[in-house]
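Worksheet: the structure to be examined is printed underneath.
The values are calculated or read from the model by the stated rules, or taken from the named source; none is laboratory data. Every value quoted in this text rests on a predicted model; they were computed, and no experiment measured them. Cβ placement follows ideal geometry from the backbone for every residue including glycine, while neighbour counts extend to all protein chains displayed. Surface areas here come from the heavy atoms of the whole protein model, side chains and all, with no ligands, DNA or RNA. Shrake-Rupley method; radii C 1.70, N 1.55, O 1.52, S 1.80 Å.
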Amino acid sequence: MSYLLLKSLHVLAVMAFVSGLVMQAHVLRMYRSLPLPSMPDERRLFSRTRHWDRLVTVPALALTWTCGLAAALHAGWFASGWLKAKLAVVIVLSMLHGMQAGELRRLADAGTAEGAARGWPPALLYVLL
């Protein structure tokens, strides 16, 4: 596979992943401003957000990692300091996705986020991105 094709797929996957991550952050931020317990319409929003996550965000995350690592291997960038810094940020974003997806799952299933991580405000997510 050519480097340009890998890079193009990587950029498209990153855009899809970031859009899903930002959507999760905003849905969770909205939830935190609502009175408890969640109403059926709100739980439906959480379920639909989870469905989008499974259908688009998770495959985009996998494609981002696969194409990014393949492009770095193809170009021989693993010794570069900038790649190590970028990988650290990408690992944090991947962990954030997992935390948010878990909180959404708990909200959709139970309608309450007892014991759930409070998450990051979307502004911090924008700084990382």
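Looking only at the range 59-75, which residues are open to solvent by less than 60 Å² (accessible area, probe 1.4 Å) and of a type in the set (A, V, I, L, M, F, W, C)?
ALA60, LEU61, ALA62, CYS67, ALA70, ALA71, ALA72, ALA75
Show me the helices (runs of 4 or more DSSP H) entirely contained within the range 37-129 in which 2 or more residues are modelled with pLDDT of 90 or more, of a type in the set (A, V, I, L, M) and farther than 21 Å from ALA16 by Cβ.
On the way: elements: 40-52, 58-75, 81-110, 122-128.
Qualifying helices (runs of 4 or more DSSP H): 81-110.
Of the conditions (1) touching a residue at least 12 places away in the same chain (Cβ under 8 Å); (2) closer than 20 Å to VAL127 by Cα, ALA88 satisfies every one except a single condition; which number is it?
(1)
Please specify each residue of the range 78-97 satisfying the condition of being of a type in the set (A, V, I, L, M, F, W, C) and open to solvent by 70 Å² or more (accessible area, probe 1.4 Å).
Just the residues of the range 78-97 that are of a type in the set (A, V, I, L, M, F, W, C), to begin with: 78-79, 82-83, 85, 87-93, 95-96.
If the condition is that a residue be of a type in the set (A, V, I, L, M, F, W, C) and open to solvent by 70 Å² or more (accessible area, probe 1.4 Å), then PHE78, ALA79, TRP82, ILE91, MET95 are the ones that fit.
From the list VAL22, VAL56, VAL27, which one is surrounded by 14 or more Cβ atoms within 10 Å (Cβ to Cβ) and touching a Gly at 6+ places or on another chain (Cβ under 7 Å)?
Values: VAL22 fails: touching a Gly at 6+ places or on another chain (Cβ under 7 Å); VAL27 fails: touching a Gly at 6+ places or on another chain (Cβ under 7 Å).
None of the others qualify; the one that does is VAL56.
Going by the structure shown, is ARG43 in contact with an Asp or Glu (Cβ under 9 Å, 6 or more places away or on another chain) and charged (D, E, K, R)?
On the way: in contact with an Asp or Glu (Cβ under 9 Å, 6 or more places away or on another chain): yes; charged (D, E, K, R): yes.
Yes; evaluated as a whole, the condition is true for this residue.
From the list GLY68, GLY81, pick out the single residue that is under 30 Å from LEU4 (Cβ atoms) and free of Cβ contacts under 8 Å to residues at least 12 places away in the same chain. Lay out the reasoning, then the answer.
Numbers: GLY68 fails: free of Cβ contacts under 8 Å to residues at least 12 places away in the same chain.
Being under 30 Å from LEU4 (Cβ atoms) and free of Cβ contacts under 8 Å to residues at least 12 places away in the same chain holds for just one of GLY68, GLY81, which is GLY81.
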